[in-house]
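Here the structure comes first, spelled out in C-alpha cells, and everything after it is commentary.
The values are calculated or read from the model by the stated rules, or taken from the named source; none is laboratory data. Computed from a predicted structure; not experimentally measured. Because the Cβ atoms are built from the backbone with ideal geometry, glycine has one as well, and the counts that use them run over all protein chains shown.
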Number of protein chains: 2
Amino acid sequence: MANHAKLQIFSTETAKPLTYFVSRDGGSGEVSPTTRNADNTLQNPLILRLSHPVDLSSDDRAVLQAITSDTREVPRRTDIIHEGDRPDCVRVVMEGIACRYKLLRDGSRQITAFLVPGDLCNPHITRLQEMDHGIASVSPCMIVEIPPSTITKLASRHPRVIDGLVWASLADESVMREWIVGLGRRMADRNMAHLICELYTRLEAVGLVEDRSFHMPITQNELSDALGITTVHTNRTMADLRDRGLIAFEGRWLRVLDLAGLRDLGQFNPQYLHLRRQRSGSDLENGEV
Amino acid sequence: MANHAKLQIFSTETAKPLTYFVSRDGGSGEVSPTTRNADNTLQNPLILRLSHPVDLSSDDRAVLQAITSDTREVPRRTDIIHEGDRPDCVRVVMEGIACRYKLLRDGSRQITAFLVPGDLCNPHITRLQEMDHGIASVSPCMIVEIPPSTITKLASRHPRVIDGLVWASLADESVMREWIVGLGRRMADRNMAHLICELYTRLEAVGLVEDRSFHMPITQNELSDALGITTVHTNRTMADLRDRGLIAFEGRWLRVLDLAGLRDLGQFNPQYLHLRRQRSGSDLENGEV
DNA sequence: CGTTATCTTGACGACTATCAACAGTCGTGG
DNA sequence: CCACGACTGTTGATAGTCGTCAAGATAACG
C-alpha cells in the first residue's frame, strides 16, 4: 500500500499502432467490441446509454448520432484529459475503456472510475473547470468532442437528452459511492467480484456483452490500482475467482460462468447503477416524467 | 473488514434531547459551534460556502438568508433522508455534522461523506430521484428544506446562486474521489490525517474553525466507518497522531497542533476542495465568470 | 449512583504487502 | 524465421498492517 516503486506514467509518447479492432485472441475472436445492429450498422453507445433513463425521440436519436459521428482515435494508455486541464469540450467515450485516476506523491496510482462506451469524461457542461484528476485510455479508444455551444443548443431543443446526461452523471456519482463502500468494507475477492459485476452490467447496458462474456482489456496491474491492492494480490484473487468457477478468461475476453454466484460474492445489487427509469404510480399516470 | 457484528442502526427512536448547544466540554466551552458576526448575529453557512466559488450580490445573500431561515432540528443519529426515499425538497445542513452512509448485508456500514454546515444533502435539484444511500445526523443538526419551486425561482432570478450550488456539487464529487484514493492507497494514519485536514479546511471555509480547533462530534466508531477500519485500529491510529504531536483533544474539540505536519502526513493538498474560484487571465479581464 | 456509550489496551490471527524469481505473450528487428 | 526485449501474468517466502476477541477504564446520562 505504501511504496509502489514501479509506476507506469501515462504518456502520449507510448503511442502504439491501433490493433484493438483486429481480433487476435481466440474464442469470440471474430466479434468486434462494438455492437452492431441487425443490418450490421454500428450501435451508438451514447444513444443506448441515454435510452435507459429517458425516452428519446427519433429526432433526439438522430441529433445524438450526428453529434457523435466525428470520432477521434486515442491510442492505448494515453491521457485523454490531463489533471489540471481546463477542457473546452465535453468528451464522450464511444469505443474502448478509459479510466479516471489520481497519482500520489509516492508514485502509486488510484483509479477512481472506469469509463465504458457511452460515458462522459467531463459531464459538467455548465462549468468547464480545472480537472482535479486525469482521464486516460486503458484500451485504444474512440472518443468524440462536443463543444459547449452544441450542448447549449441541445438544452433548448432536446431537453430529454440533457435529462439523460444529468441522469448519467447521477449514476456516475452513485458508482463512486459504491467504490468507496467496496474499498472500505469489502475484502479483495468480494470487491473484485463486485467490480466485475459492475463492468458486466454497464457494458451490457450498451450492448457490449455477448453470451455472458465481454472484452476485458484491463490488465491486472490496472485492476490493482482500481481495487486498491497490489498486482500480486490481484493475481491470486483472480485465480481464486477462476478456481471457484465464477469467471473464465478466453484470451482478452472475460466470461461470467456463474453470474448469480458472482453477484452473491460481491453482494452486488444493480439498482445503484440507476440504469432503469424509476416510475412511481403518479408518474405512470402522467405519462410525462 | 469482514464481520462487523455490532451494528448501530440509525433510528428515529433514539431521539434524545438536544444538548448540543449547551457547552459541556471544558476548553473552548463557551463557544457555540455556529460562528457569529461581530454584532453577534449568526453567520449563514450556506452563504459563506457559496461565497467562495461565486460573487454573491447583496440581493443574492438576502434571498439565501430568507430561504434558510426556517430551520428544523434533527436529533443526533437520526436519518435525515432514508435510502430509498424520494425527497421532495432540497435539504441543507445549517448546523451540526451529518453523513452519507450505506449499510452492507453483513451489518457493516461505510460512511461515504461527511456533511458540514452549508452542504446540501441532495443537490440534484433537477431530478428528485430515489436515494441510493442514506443521510443521517452525526451530531444534532439544524437543517432547512427548500422546495423545488424555490430553486426554480432562484434559477431565473439568481443565477449566481445556482452557479454556486453546481460548483459545490462538483466539489463534493471531488471529495468522493479523494476518499477513494485514501481508502485505496493510503495507510490508516495517513488517511486519518487527510480526513482531519479535509474537515478542518471545509469547516474553516464556513467559519467554524477557531484558533486551530473545531468541534468534533464524530465518534471513533463513526470515524472507523468512514476510514474503512475497525474502531480498535482507529483508536490506536488516533493515539498515534496525538503522540506525534499533530493533534490534541480538548473535550469534544479537536485542535490541530501541527497543521504542516498533518498535511504532510496525509499528503493533503486543499486544491481538490475547489474552495476558491479559478481565474484564468481572460477571466480576470472580463470581470465576469 | 448505576447504566450505557465511548474510549483504551493486550494478545493473537488473517488479509494483504513486499521482495524475488520465472513463465508466457507480443511486437520488433535482425 | 527466429531472437530479443518489454509487458503481463504467476508463484513462493516473508513481513507488516489491520482485524478479531476480550476485557477494562473513563465519561456521559437518567
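Structure notes:
- Residue match in segment B:196-217 (condition: within 14 Å of chain A (Cβ to nearest Cβ) and of a type outside the set (V, I, T)): yes
- Single residue of A:S149, A:S156, A:S174 found to be surrounded by fewer than 21 Cβ atoms within 10 Å (Cβ to Cβ), in a helix (DSSP H, G or I), of a type outside the set (F, W, Y) and facing chain B (nearest Cβ under 10 Å): A:S174
- Subset of segment A:246-277 [in a helix (DSSP H, G or I) and not polar (S, T, N, Q)]: A:L259, A:A260, A:G261, A:L262, A:R263, A:D264, A:L265, A:G266, A:P270, A:Y272, A:L273
- The set of residues from segment A:255-271 being touching a residue at least 12 places away in the same chain (Cβ under 8 Å) and either within 12 Å of DNA strand C (Cβ to nearest atom) or among the charged types (D, E, K, R) (or both) comprises A:R255, A:D258, A:R263.
- Of B:R91, B:R77, B:R49, all but one fail to be under 26 Å from B:T201 (Cα atoms) and touching a Gly at 6+ places or on another chain (Cβ under 8 Å); the exception is B:R49.
- Taken over segment A:177-187, the criterion of being buried (at least 24 other Cβ atoms within 10 Å of the Cβ) and either in contact with a Cys (Cβ under 6 Å, 6 or more places away or on another chain) or not in a helix (DSSP H, G or I) (or both) is satisfied by A:R186 alone.
- So A:E198, is it in contact (Cβ under 8 Å) with a residue 12 or more places away in the chain, of a type in the set (D, E, K, R) and crowded, with 20+ Cβ neighbours inside 10 Å: yes
- Considering segment B:69-108, the qualifying strands (runs of 3 or more DSSP E), each wholly inside and each with 1 or more residues that are β-branched (V, I, T) and crowded, with 18+ Cβ neighbours inside 10 Å, run over B:72-74, B:79-81, B:90-95.
- Cβ-Cβ distances below 8 Å connect the following pairs, each with a first residue in segment B:159-182 that is more than 17 Å from B:H124 (Cα to Cα), a second residue that is charged (D, E, K, R), and a separation of six or more residues or different chains: B:R177/A:R100; B:R177/A:K102; B:R177/A:D132; B:E178/A:K102; B:E178/B:E198; B:V181/A:K102; B:G182/B:R190.
- Residue list for segment A:197-245, restricted to those being within 11 Å of DNA strand C (Cβ to nearest atom), assigned to a helix (DSSP H, G or I) and farther than 16 Å from A:F114 by Cα: A:T231, A:V232, A:H233, A:T234, A:N235, A:R236, A:T237, A:D240
- Condition broken by B:G266, with the remaining ones in (1) closer than 15 Å to B:D189 by Cα; (2) surrounded by 15 or more Cβ atoms within 10 Å (Cβ to Cβ); (3) more than 14 Å from DNA strand D (Cβ to nearest atom) satisfied: (3)
- The residues of segment A:179-228 that are in contact with a strand residue (DSSP E or B) (Cβ under 6 Å, 6 or more places away or on another chain) and at positive phi amount to a single one, A:R212.
- Odd one out for A:R190 among (1) part of a helix (DSSP H, G or I); (2) farther than 22 Å from B:S224 by Cα: (2)
- Residue that is nearest to B:T150 (Cα to Cα) [pool: residues in segment B:107-131 that are at the interface with chain A (Cβ under 8 Å from one of its Cβ atoms) and at pLDDT below 95]: B:T126
- Residue list for segment A:134-158, filter: among the β-branched types (V, I, T) and free of Cβ contacts under 8 Å to residues at least 12 places away in the same chain: A:T152
- Among the conditions (1) within 16 Å of B:S139 (Cα to Cα); (2) more than 10 Å from DNA strand C (Cβ to nearest atom); (3) modelled with pLDDT of 95 or more; (4) not β-branched (V, I, T), the only one that B:G251 does not satisfy is (3).
- Residues that are more than 14 Å from chain A (Cβ to nearest Cβ), within 12 Å of DNA strand D (Cβ to nearest atom) and without any contact (Cβ under 8 Å) to a residue 12 or more places away in the chain were ranked within segment B:220-254; the one that is surrounded by the most Cβ atoms within 10 Å (Cβ to Cβ) is B:R236.
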